[in-house]
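The values are calculated or read from the model by the stated rules, or taken from the named source; none is laboratory data. Please read all numbers here as calculations on a predicted model, not as lab measurements. Note: ideal-geometry Cβ built from the backbone for every residue, glycine included; neighbour counts use all protein chains shown. These area figures cover heavy atoms from the full protein model, side chains too; ligands, DNA and RNA do not enter into them. Shrake-Rupley method; radii C 1.70, N 1.55, O 1.52, S 1.80 Å.
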Amino acid sequence: MVFSNDDIEGIWDFSWPGHGIGHPPSSSVDFTTEGKLSFDSFLPELDPTLKCLMPGIPLGIIDPYPIEIVMQDHQILFLYEHFHMVRRIFMDGRIAPDDWPVSLIGYSVGHWEEKTLVIKTTHMSPDNYVWTNGMPFSGDKNSYVIERYSREGDILLFEAEIHDSVNYKTPYKVSGQRLFSPDMNIYEYECLPDFAGAGVI
Amino acid sequence: MSHHNTGTYFDTSQTIELKVATAISFQVVNPHTKLLFVLNDSEGNEVEWWGATASANHLRRVGITNDLISSGDKITVKGYPSKTTDNLLFVTTVIFENGDYADFNYTAGGIFKSVTY
């Protein structure tokens with residue numbers, strides 16, 4: 001079957017590119033003073049996923065589990081196997097209501113730039129993280145995340161910029177790819193709190 | 001951890017090998033699978049250890065389920081020691097008495113015959 005490059009509907013497995021999971025080494029991250037202090041004082045119990053909470057955004061952008069993308073006229077759904085996370089990417093031009101509550105998942109709007117899906121996410125929680133090694137995320141009202149997804153055959157390339165001037169002098173960037181896997185199953189992901197800390201908290 | 005940054009919590013620069021242990025329980029669950037076992041220390045006392053490893057969803061995809069290890073099984077356990085907690089490791093491999101082994105790497109792991117180990 002031949003797919004259009006702007007047809008990204010279907011199941012996509014996580015794919016491990018040669019460069020690893022797609023986060024920069026912490027030594028190359030352009031921290032602010034506050035960001036470096038936060039990173040150095042990270043405690044595992046602050047990681048939401050160690051409390052059976054969904055990773056949210058930006059932490060969940062690089063998530064080594066399959067996702068299913070459903071394209072509708074007014075929105076694109078990202079359905080993550082991991083923690084049953086659901087994202088609604090509004091494509092109809094709406095903007096976030098002023099009173100939209102901050103959350104792990106935030107509020108996402110998207111548009112197409114030729115064959116690339118561009119998503120902007122705001123309203124994320126200060127409880128979130130950029131990466132589980134303690135890479136911080138402030139949840140400051142001016143913070144936002146830009147994701148770009150583009151299809152090349154059976155590969156979905158993605159990259160993201162985390163704009164969080166409280167913690168990073170320049171945007172923190174991640175990248176990766178997923179493999180089109182139409183025959184893959186999306187499993188239930190029940191998280192048992194008694195096993196979440198796993199001895200680290 | 002499967003999703004979590006293993007190197008944050010475990011010393012991935014070294015692999016320890018614990019033999020011969022006796023399995024107490026093996027629970028393939030999310031977010032982390034748990035292996036409880038006992039090991040005799042140098043004075044012959046039984047010491048309880050436990051191991052964390054990949055999630056149930058990841059292990060299911062490489063054919064590892066609760067049936068892999070039963071209470072009482074004699075096993076050798078390999079993995080990365082915890083940076084903070086005594087008698088805890090991140091399990092990478094379990095070797096059985098017949099030499100067969102389970103590799104818990106969730107992208108290339110599975111259950112293998114001893115001839116390939």
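General remarks:
- Among A:Asp99, A:Asp40, A:Asp63, the residue with the largest mean-square fluctuation in a Gaussian network model of chain A, with springs joining Cα atoms closer than 10 Å, is A:Asp99.
- For the stretch A:116-132 versus the stretch B:18-47, the inter-centroid distance based on Cα atoms is 39 Å.
- What the Kirkwood sum gives for chain B is a hydrodynamic radius of 14.1 Å, with every pair of different alpha carbons counted.
- Largest-first principal axis extents, alpha carbons of the stretch A:10-181, Å: 43, 42, 31
- Gyration tensor verdict on the stretch A:134-201 (Cα atoms; rounded if a/c is under 1.5, prolate if a/b is larger than b/c, oblate otherwise): oblate
- Residue-averaged 222 nm ellipticity for chain B, from DSSP H runs of 4+ at -39500 (n - 2.57), nearest 500: -1500 deg cm²/dmol
- Placing +1 on each Lys and Arg Cβ and -1 on each Asp and Glu Cβ, with no other charges, gives chain B a dipole about its Cα centre of roughly 500 debye.
- In the B-A interface, the accessible area buried, summed over both sides, Å² (probe 1.4 Å): 2300
- Here each label is just a point 7 Å from Cα along the line to Cβ, and for A:Ser27 and A:Ile186 those points are 4.0 nm apart.
- Straightening the chain between A:Phe42 and A:Ile155 buys 37.2 nm, computed as 0.36 nm per residue apart minus the Cα-Cα spacing.
- With a 10 Å cut-off around each Cβ of B:25-32, the average count of Cβ atoms from other chains is 5.
- Accessible surface of chain A, 1.4 Å probe, proportion on carbon and sulfur as whole %: 52
- Overall form of the protein assembly as shown per C-alpha gyration tensor (a/c, 1.5; a/b vs b/c): prolate
- Spin-label model, B:Thr65/A:Asp6: points 7 Å from Cα along the beta carbon direction are separated by 4.5 nm.
- Value at 222 nm in deg cm²/dmol, rounded to 500, when DSSP H runs of n ≥ 4 in chain A each add -39,500 (n - 2.57): -1500 deg cm²/dmol
- With 29 Å as the limit, the listed pairs B:Lys83/B:Lys113; A:Lys141/B:Lys34; B:Lys19/B:Lys113; A:Lys36/B:Lys78; A:Lys120/A:Lys169 have B:Lys83/B:Lys113; A:Lys141/B:Lys34; A:Lys36/B:Lys78 beyond it between alpha carbons.
- Selection among A:Ser27, A:Trp12, A:Pro64 by position relative to the dipole of chain A gives A:Ser27 as farthest towards the positive end (Cβ unit charges, Cα centre).
- Size of charge dipole - the stretch B:46-111 - debye, nearest 20, with Cβ of Lys, Arg +1 and Asp, Glu -1, no other charges: 340
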